Amino acid sequence: MKLQLLAAAALVAGLGLVPAALPPQTTPPTMAATYSALADTILALKKTEANFVRSVVAGHFHGAQSYVKAGDGAKAAAEMALFANEGDNAMAGVRKRLLEGGHHHHHADDTAQGEYDAGFVIVTRKAKEAAMAASAAMRDAKDDAARQAAWKQFSAVAEPLLAAK
Amino acid sequence: MRRIAALLLALAACGGDGEQPDVARQAAAASSERPLWFVDIAAEAGLSEPTWCGRPEKPHLLESNGTGLALRDLTGDGVLDLYLVNGWRLEGSTVVERGRNRLYRGRGDGSFEDVSAGSGADDDGWGCGVEAGDVDGDGDEDLFVTNFGPDLLLLNRGDGTFERAPQSPGIDGWSAGSVLFDADGDRDLDLFVSGYIDCTLDEVLNAKPELVWRDMQVMLGPFGLDGLANRYFENEGGGRFREATDEAGLTDVGLFFSFNAIALDLDDDLDIDLYVANDSNPNYLYRNDGRGHFEEVGLWSGAALDQGGQAQAGMGLASGDVDRDGRPDLLVTNFANDSATLYINRGELSFVDSTRRWGLKEPTFLPLKWGTTLSDFDLDGWLDIYIANGHIYPQADQVEGSGGFRQKNLLLRGQEGRFVDVSAQAGPGLAVLGVSHALGVGDIDSDGDLDLAVSNIDQPPTLLRNDSPRRGAWLLVDAPTALRAEVRAGGQRWVEHAYAGGGFQSASDPRLHFGLGPVSKVDELVVVWPDGERTVLTDVAVDRVVPVRR
């Protein structure tokens, strides 16, 4: 069998079908360099997206904090719900557009594993549920003590997400 | 048991009251064991024409949309009439029949006469839904028909015949539900139209199943198709409309797949808010600032997502005070293998998903759900739920455990704190198999209880006469433009909020129906008007229609 293969190779070489000395076959280095620069941009965009969404949810966090200080539980609860959902339905519309365009901030496997809802960037599914529960507790709070308890519950979930880089 | 009950009833009917008192009593007892009872009388009532929706194979999503209906007094004789929207019948990529919408005049005894020909209402566009209301202020009910294609405003001439408005507001595309309501408090009806999918007739005619579902090729959508923007039109008086979507704050920011909307005063601040069911996207809740400008508060209100924070596939809508705390709650129907969602209103536009607590999780999980209503069918003082069902994929017939393409509808009896599925014990009307979508609620036979008209894809409609045991008295408050009515009787209180839209692409009798349980009179009836004024009536007799005018 080995002899047959060797004979076939010699025949092919003898017929001149394979050049005797192969030139190096590589992608032109300039193309790879350009792609590398593009990758920097893509990766930077992804980071920019995360920073942007983080600033959106941070806005809702601070809004909630202000309303808690002002003793307005209903408005604080609303801000907390918007934190949990990474913004309002206008933000959800942008997420829809990105998903339909094939963009998932997190790898699809992460979403499949249930860590993040589809299209979410900062708030994990678990954190979302906890923040929504805290929002409901804030809305139900009858006095300042109850509001503070709900805030504590919320900030325990929210602050680590804001701090994460 | 049902056979025995039927036999006893038959014997009682033959023997007469005096001759068979024991049998009659037993029959009455057996009848009272029925939780609720409905009989389909569509054929005998004169409703035998099918409504079409594309091809039997349903390769395009439009063909699963179904068609709407209106159960309203369109002829001005005080009796409910029926307007059935119709679609087109296709074979391959050919239109073989442009189904005409039909107008049936109600006789008040549960039967109808087809008066479509010459009515001016028998349009042959590919119809989707219908809404009714007096848009030109001349005292009769006009019709707004959503089409796949240009929408259609039909002005009532006052005698139950209609003419096309010279310039119809609406969407030229696939519009689904619509709502006529006074958004800006100027005492005329403005218009909100739900845009669903942006597609063309060519795409529909040439559609091929592209999506893989349970190892079968089925229709694509809604993901993979483009959403179509909702639009809002302000009535400038006399039924002349101008678009004011962005101005009113009703911009469809997500281009979500909006199916259906319902308008009512959800926060008791004397203006009308708007809730929109979105398919596969978060629902919208628009708070009215009292001047016709809206703010979208869905996500923070708690009514945009389910308890787990997930967007569902919103289809049909109903409103009613389920827990009798005086606030209107919301019921949203969703896709198969996902429950309908009951949002309990806690005031100030705060809602809590209470589906599981009220017993709705399990019975509503499997079917693919469309039109719905919260109505007190047995007059016991608690709202019941009816849900129209049917799959979008004909291929569901090949999948065990999917519930099939044609499905039975659901009936859940309301009790204090929970709903109980009584579909299997609620008579032959609940045994009908169909792909049911729209429904209209009203008293078609003038006996005081609420009956149902249901549209079915590629089949005649179902007309469900309510033969449920009567567990109390009733009151029907006829108070056009009122925001709500409150009834006190026997130490209890009921509140009904007037709403427009809801169901699924359909319009029901707008009068406020109260089931009151075993009371002999109403101590106080309060009607609340949009300017905050109240009309108070005391010692009102029950079991009657009470007209109240401002």
Legend entry - Extreme residue, nearest to residue B:284 (Cα to Cα), among residues of the stretch B:328-352 that are out of contact with any Leu (no Cβ under 8 Å at 6 or more places or on another chain) and away from chain A (no Cβ under 14 Å): B:334
Legend entry - Single residue of the stretch B:308-317 satisfying the filter (of a type in the set (A, V, I, L, M, F, W, C) and either within 11 Å of chain A (Cβ to nearest Cβ) or part of a loop (DSSP other than H, G, I, E, B) (or both)) that is surrounded by the most Cβ atoms within 10 Å (Cβ to Cβ): B:315
Inset, instruction - Can you give me the number of residues within the stretch B:277-307 that are on the phi < 0 side of the Ramachandran plot and more than 7 Å from every other protein chain (Cβ to nearest Cβ)? - result: 19
Inset, instruction - Restricting attention to the stretch B:223-233, report how many residues are modelled with pLDDT under 95 and in a loop (DSSP other than H, G, I, E, B). - result: 3
Inset, instruction - Pull up the stretch B:528-546, narrow it to residues that are exposed (fewer than 12 other Cβ atoms within 10 Å of the Cβ) and not charged (D, E, K, R), then point me to the one that is farthest from residue B:266 (Cα to Cα). - result: B:541
Inset, instruction - Scan (1) out of contact with any helix residue (DSSP H, G or I) (no Cβ under 8 Å at 6 or more places or on another chain); (2) under 24 Å from residue B:371 (Cβ atoms); (3) open to solvent by 10 Å² or more (accessible area, probe 1.4 Å); (4) not in a loop (DSSP other than H, G, I, E, B) for the single condition residue B:131 breaks and write down its number. - result: (3)
Inset, instruction - Out of B:63, B:113, B:57, report the one residue that is open to solvent by less than 10 Å² (accessible area, probe 1.4 Å), modelled with pLDDT of 95 or more and among the charged types (D, E, K, R). - result: B:63
Inset, instruction - Would you be able to tell me the number of residues in the stretch B:89-106 that are open to solvent by 10 Å² or more (accessible area, probe 1.4 Å) and over 22 Å from the mean Cα position of the chain (by Cα)? - result: 9
Inset, instruction - Examine the stretch A:118-128 for a residue that is under 24 Å from residue B:308 (Cβ atoms) and either within 8 Å of chain B (Cβ to nearest Cβ) or among the acidic types (Asp, Glu) (or both), and state whether such a residue exists. - result: yes
Inset, instruction - Looking at (1) open to solvent by 10 Å² or more (accessible area, probe 1.4 Å); (2) in a strand (DSSP E or B); (3) touching a Lys or Arg at 6+ places or on another chain (Cβ under 8 Å), find the lone condition where residue B:49 falls short. - result: (2)
Inset, instruction - Return the residue satisfying two criteria in turn: it lies in the stretch A:43-95 and is of a type in the set (D, E, K, R), farther than 19 Å from residue A:144 by Cβ and crowded, with 18+ Cβ neighbours inside 10 Å, and of such residues it is farthest from the other protein chains (Cβ to nearest Cβ). - result: A:54
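Considering the stretch B:446-456 alone, what residues qualify as being open to solvent by 10 Å² or more (accessible area, probe 1.4 Å) and either touching a Phe, Trp or Tyr at 6+ places or on another chain (Cβ under 9 Å) or not hydroxyl-bearing (Ser, Thr, Tyr) (or both)?
First pass over the stretch B:446-456, keeping only residues open to solvent by 10 Å² or more (accessible area, probe 1.4 Å): B:446-447, B:450.
Within the stretch B:446-456, B:447, B:450 qualify.
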Inset, instruction - Would you be able to tell me the number of residues in the stretch B:41-83 that are more than 15 Å from the chain's Cα centre (by Cα), polar (S, T, N, Q) and within 26 Å of residue B:220 (Cβ to Cβ)? - result: 2
Inset, instruction - Look at residue B:242 and say whether it is open to solvent by 40 Å² or more (accessible area, probe 1.4 Å), within 13 Å of chain A (Cβ to nearest Cβ), touching a Phe, Trp or Tyr at 6+ places or on another chain (Cβ under 8 Å) and at pLDDT 95 or above. - result: no
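Out of everything in the stretch B:212-228 that is of a type in the set (A, V, I, L, M) and open to solvent by less than 40 Å² (accessible area, probe 1.4 Å), what residue ends up being farthest from residue B:196 (Cα to Cα)?
Here is the first cut: in the stretch B:212-228, the residues of a type in the set (A, V, I, L, M) are B:212, B:216, B:218-220, B:225, B:228.
Filter once more, so that each one left must be open to solvent by less than 40 Å² (accessible area, probe 1.4 Å): B:216, B:218-219, B:225, B:228.
Working: B:216: 25, B:218: 19, B:219: 16, B:225: 10, B:228: 5 Å.
Checking each candidate, the answer is B:216.
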Legend entry - Tabulated pairs, the stretch B:210-231, first away from chain A (no Cβ under 13 Å) and within 19 Å of residue B:177 (Cα to Cα), second open to solvent by 60 Å² or more (accessible area, probe 1.4 Å) and assigned to a strand (DSSP E or B), C-beta under 8 angstrom, 6+ apart or interchain: B:228/B:198; B:231/B:243
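Mind checking whether some residue in the stretch A:97-115 is facing chain B (nearest Cβ under 10 Å) and open to solvent by less than 40 Å² (accessible area, probe 1.4 Å)? Spell out the reasoning first.
From the stretch A:97-115, those facing chain B (nearest Cβ under 10 Å) are A:97, A:99-100; that's our starting set.
Adding the requirement that they be open to solvent by less than 40 Å² (accessible area, probe 1.4 Å) leaves none.
No, the stretch A:97-115 contains no residue that is facing chain B (nearest Cβ under 10 Å) and open to solvent by less than 40 Å² (accessible area, probe 1.4 Å).
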Legend entry - Matching option when the condition is under 16 Å from residue B:185 (Cα atoms) and either surrounded by 23 or more Cβ atoms within 10 Å (Cβ to Cβ) or within 18 Å of the chain's Cα centre (by Cα) (or both), among B:269, B:265: B:265
Inset, instruction - Quick one: count up the residues across the stretch B:452-473 that are farther than 29 Å from residue B:86 by Cα and in contact with a helix residue (DSSP H, G or I) (Cβ under 7 Å, 6 or more places away or on another chain). - result: 1
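Determine whether the stretch B:476-486 contains at least one residue that is within 29 Å of residue B:43 (Cα to Cα), of a type outside the set (D, E, K, R) and crowded, with 24+ Cβ neighbours inside 10 Å.
Residues of the stretch B:476-486 that are within 29 Å of residue B:43 (Cα to Cα), as a first pass: B:476.
With the extra rule that they be of a type outside the set (D, E, K, R), the set shrinks to B:476.
Then keep just the ones that are crowded, with 24+ Cβ neighbours inside 10 Å; that gives none.
No, there is no match, as no residue in the stretch B:476-486 is within 29 Å of residue B:43 (Cα to Cα), of a type outside the set (D, E, K, R) and crowded, with 24+ Cβ neighbours inside 10 Å.
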Inset, instruction - Would you mind finding the one in B:320, B:254 that is at the interface with chain A (Cβ under 9 Å from one of its Cβ atoms) and small (Gly, Ala, Ser)? - result: B:254
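The values are calculated or read from the model by the stated rules, or taken from the named source; none is laboratory data. Because the structure is a prediction, the values reported are computed rather than measured. Note: ideal-geometry Cβ built from the backbone for every residue, glycine included; neighbour counts use all protein chains shown. Surface accessibility is based on the protein's heavy atoms, side chains included, excluding ligands, DNA and RNA. Shrake-Rupley method; radii C 1.70, N 1.55, O 1.52, S 1.80 Å.
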